[in-house]
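Below is one structure, written out as structure tokens; the observations come after it.
The values are calculated or read from the model by the stated rules, or taken from the named source; none is laboratory data. None of the values given here were measured: they were computed from a predicted structure. So basically every Cβ, Gly included, is an ideal-geometry build from the backbone, and we count neighbours across all protein chains shown. Side chains are part of the model used for accessible areas, which takes the heavy atoms of the whole protein and leaves out ligands, DNA and RNA. Shrake-Rupley method; radii C 1.70, N 1.55, O 1.52, S 1.80 Å.
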Amino acid sequence: MRVRKTAEARKAEIIDATLRLADELGPERLTTEAVANAVGLTQPGIFRHFPKKQDLWEAVAGRVGAMMEARWSKAQSPDAAPIDQIRALIAGQLRLIQSTPAIPAILFSRELHTKNKGLRTAFFGLLSRFHQMIADLVARACERGELHGDLNPDDAAFLIVGLVQGLAVRWSISGRCFDLTEEGCRLLDVQLSGFACERAAARKEAKS
């Protein structure tokens, strides 16, 4: 006897299928018919849960946001040094992208940039929060003498977030031929060493 799924379980299944198909087909080619076929429903069945395609995309943004927030929360330890928290945040973000490759596809899609204001607003809010967390940590690292005191936290955060975005694009168009997290953490260390003050760099050299 088949067990009837709850509405919430069915919605979660539809969102999961949308994320998977956004990676496989691309956001622009994704249709509600494709989603319906993937979960064994008719198109009217999809629309019972998400009356408009825009509603489905916004639910996808909500799912991605929840995954990001969970990673960010796990990475922020009050006992860790600010630079170590930056490393943990970036590593968590890269691991999420590697496990959910639809994220960069959506971020650079026409669906996000020109067609769906709700989706664009949701992702802009996520990226803004991520940027602010990095900027706050950079400011704290500067206060502790771990990074150069003249460093502008907002500018540094834009460069760090840009590293993640640019690397995600390279990883995607290369056919995912390298370990995204490993390469990103390596490049982040290069970037942070350029931000470091002479005192911090000297301490690091002495330890090595």
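Couple of notes before you dig in:
- Within the range 129-179, the set of residues being surrounded by fewer than 17 Cβ atoms within 10 Å (Cβ to Cβ), of a type in the set (S, T, N, Q), part of a helix (DSSP H, G or I) and modelled with pLDDT under 95 comprises 165 only.
- Residue in the range 112-125 that is of a type in the set (Ser, Thr, Tyr) and assigned to a loop (DSSP other than H, G, I, E, B) present: no
- In the range 60-79, the residues that are within 17 Å of residue 135 (Cβ to Cβ) and of a type outside the set (Phe, Trp, Tyr): 68, 75, 76
- Residue match in the range 102-118 (condition: among the aliphatic types (A, V, I, L, M) and open to solvent by 40 Å² or more (accessible area, probe 1.4 Å)): no
- Helices (runs of 4 or more DSSP H) enclosed by the range 1-89 - at least 2 residues per element that are under 24 Å from residue 124 (Cβ atoms): 7-24, 53-75
- Inter-residue pairs, beta-carbon under 6 Å, first over 13 Å from residue 101 (Cβ atoms) and in the range 175-186, second modelled with pLDDT under 95 and in a loop (DSSP other than H, G, I, E, B), 6+ apart: none
- Unique match (being touching a residue at least 40 places away in the same chain (Cβ under 8 Å), surrounded by fewer than 15 Cβ atoms within 10 Å (Cβ to Cβ) and over 30 Å from residue 144 (Cα atoms)) among 26, 40, 62: 62
- Checking each residue in the range 64-107 for being at pLDDT below 90 and more than 26 Å from residue 12 (Cα to Cα) picks out 76, 77, 78, 79.
Yes/no matrix, rows are residues, columns are (1) in contact (Cβ under 8 Å) with a residue 40 or more places away in the chain; (2) under 19 Å from the mean Cα position of the chain (by Cα); (3) within 15 Å of residue 71 (Cβ to Cβ):
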| residue | (1), (2), (3) |
| --- | --- |
| 118 | yes, yes, no |
| 128 | no, yes, no |
| 169 | yes, yes, no |
| 195 | yes, no, no |
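- When 31, 18, 42 are checked against the criterion of being within 17 Å of residue 99 (Cβ to Cβ) and modelled with pLDDT of 90 or more, a single residue qualifies: 18.
- Counting only residues that are surrounded by fewer than 18 Cβ atoms within 10 Å (Cβ to Cβ) and among the small types (Gly, Ala, Ser), the range 119-128 holds 2 of them.
- With respect to (1) open to solvent by less than 60 Å² (accessible area, probe 1.4 Å); (2) of a type outside the set (Lys, Arg); (3) under 14 Å from residue 134 (Cα atoms), the lone exception for residue 97 is condition (3).
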